[in-house]
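Single-structure report; data block below.
The values are calculated or read from the model by the stated rules, or taken from the named source; none is laboratory data. Keep in mind it's a predicted model, so treat the numbers as computed, not measured. Cβ placement follows ideal geometry from the backbone for every residue including glycine, while neighbour counts extend to all protein chains displayed. The protein model used for the area step is the full one, side chains on, heavy atoms only, and it has no ligands, DNA or RNA in it. Shrake-Rupley method; radii C 1.70, N 1.55, O 1.52, S 1.80 Å.
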Amino acid sequence: SNGFFTVANNTIKENLKTWLSRVKMINDTIDILDGKVINIGIRFSVKSTQQENKYTALNEGIQAVKNQFNRKFEIGEPIYLTDVQTALQSVSSIADVKKVTIFNRVGGVYSDISFDVDVNKSADGRYVMIPEDQIFEIKYPNADIIGTVL
């Protein structure tokens, strides 16, 4: 009801299984499994233009990243650090993007699933891969998107 991912209850799974059984092949089996939610945060460092206030650049940068990720991820969809960099570079008050990192948010109001971002980065470091039964979520963009201006 709050727009966050949650585990489906057994009634939903049984209803889905019943509906799918009408259209499946006789030899097909149906296994409905819960996806695992990986809560993440984004941290970035940027350099502002000389004529802009650092706080303006920071707020505009955070808003640009929020706008980039104002949708839900698909299960198994990687997150691209280049998307974050592109969003930040499009902000007129930001002169340069110094660093972008993705980090795992775990425990408390977040998922209990720990995820090692560094191990799951691509060889070139441009995106973070995720197993096909897991999904990324930026649960609280106001707290999970953190920026600094140099």
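Just a few scattered comments:
- Straight-line reach from Lys98: taking Cα to Cα under 17 Å and skipping same-chain neighbours fewer than 8 places apart, the lysines in range are Lys47, Lys54.
- Table column - 3J(HN,Hα) (Hz), segment 119-135, Karplus curve with 6.51, -1.76, 1.60, x for Gly and Pro: 5, 9, 6, 5, 4, 8, x, 8, 8, 10, 7, 9, x, 5, 9, 10, 9
- Long pairs among Lys13/Lys139; Lys66/Lys121; Lys99/Lys121, criterion Cα-Cα beyond 18 Å: Lys13/Lys139; Lys66/Lys121
- Computed from point charges on the beta carbon alone (+1 for Lys and Arg, -1 for Asp and Glu), the dipole magnitude for segment 45-150 about its Cα centre is near 440 Debye.
- For the pair Asp96 and Arg22, the difference between a 0.36 nm per residue extended length and the Cα-Cα distance amounts to 21.1 nm.
- The string of couplings for segment 53-64 from the Karplus curve (6.51, -1.76, 1.60, θ = phi - 60°) is 5, 4, 5, 5, 4, 5, 5, 5, x, 4, 5, 5 Hz, one whole number per residue in order, with x for Gly and Pro.
- Protein accessible area in segment 11-150, 1.4 Å probe - carbon and sulfur %: 49
- Distant-in-sequence amide H partners of Ala95 (H built 1.01 Å from N, under 5 Å): Lys47, Ser48, Thr49
- Rounded to the nearest Hz, the phi-derived 3J(HN,Hα) couplings of segment 26-39 under the Karplus curve 6.51 cos²θ - 1.76 cosθ + 1.60 (θ = phi - 60°) are 4, 8, 6, 10, 10, 10, 10, 10, 7, x, 9, 8, 10, 7, where x marks glycine and proline.
- Heavy atoms of Arg71 accessible to a 1.4 Å probe, total area in Å² rounded to 10: 110
- Accessible area in square angstrom per residue, segment 25-150, 1.4 angstrom probe: 59
- Percent antiparallel among DSSP beta bridges (both partners in the chain, rounded to 5): 55
- Label zone of Asp112 (point 7 Å out along Cα→Cβ, amide N under 15 Å): in segment 1-20 this covers 7.
- Note on the chain: helix-only mean residue ellipticity at 222 nm, from DSSP H runs of 4+ residues weighted -39500 (n - 2.57) and normalised by residue number, equals -8000 deg cm²/dmol.
- Label point distance in nm, Ala143-Ile12, each placed 7 Å from Cα along Cα→Cβ: 2.3
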